[in-house]
1. State, to one decimal in nm, how far the label point of ALA133 lies from the label point of PHE190, with both points 7 Å from Cα in the Cβ direction.
2. How do ARG107, ARG122 rank when sorted from fewest to most other Cβ atoms within 10 Å of their own Cβ?
Amino acid sequence: MTDQNQTLETIKDIRNIMDRSSRFLSLSGLSGVGAGVCALAGAWFANDVIAGSDAGKTAKAGTIRQYEHADGGLDMLHSFMGHRLFMIAAVTLISAIVVAVIFTYLRSSRQGIPLWSSTSQRLIWNVAVPLVAGGLFLLKLIEAGVYGLIAPGCLIFYGLALVNGAKYTLGEIRFLGYGMLLLGIISCWFPGYGLYFWAAGFGLLHIIYGIVMWNKYERQA
């Protein structure tokens, strides 16, 4: 019986070594929480800008619907939001990335694992390909004035990126990707409410995922 237990432990150790050599396992759950908080803050500021826009004086949801149905290319986009929403989006994205990198760096340091390694590079590459393709596609949608598909597109391409990168990190991240995909697809049928779906996905789902992952992998560390 003892030999059998030792064999199982040996197999488990071998599997852990193989996982470390092929997967980046230092992603911190707190990174997800931090990114989610940044996303919710960004959505709040964006909603405030949209609701207070000089181009629309209706209720908040009505204002969002008006511009997500609008068709006028970049000129109308700029007249609607000037540069404020672009700035909010940029600050939100940069803040979320910085927070995620900091918490992941702290965890990888505790584990004695380098943050920049062949495994992290593979993860970044597999996540970046769908994100870059999606970003270029969304820019074309903005140029064409198809604003109603921007939020769904963000969720869908981000979900695809997470699913694609899951094989190079903690496997549970694919479930976050599935959630993003589901929200993105559903939001296609609810034009005018894209910002709220965006906040639910990038904000709430990130926070829930982060708490679950922290509780599973880091709480006892």
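Where a number appears in this text, it was derived from the coordinates with a stated rule and is not lab data. Here the structure is a predicted model, which is why all the values come from computation and not from measurement. No Cβ is skipped: glycine too gets one built from the backbone with ideal geometry, and neighbour counts run over all protein chains shown.
1. 2.8 nm
2. ARG122, ARG107
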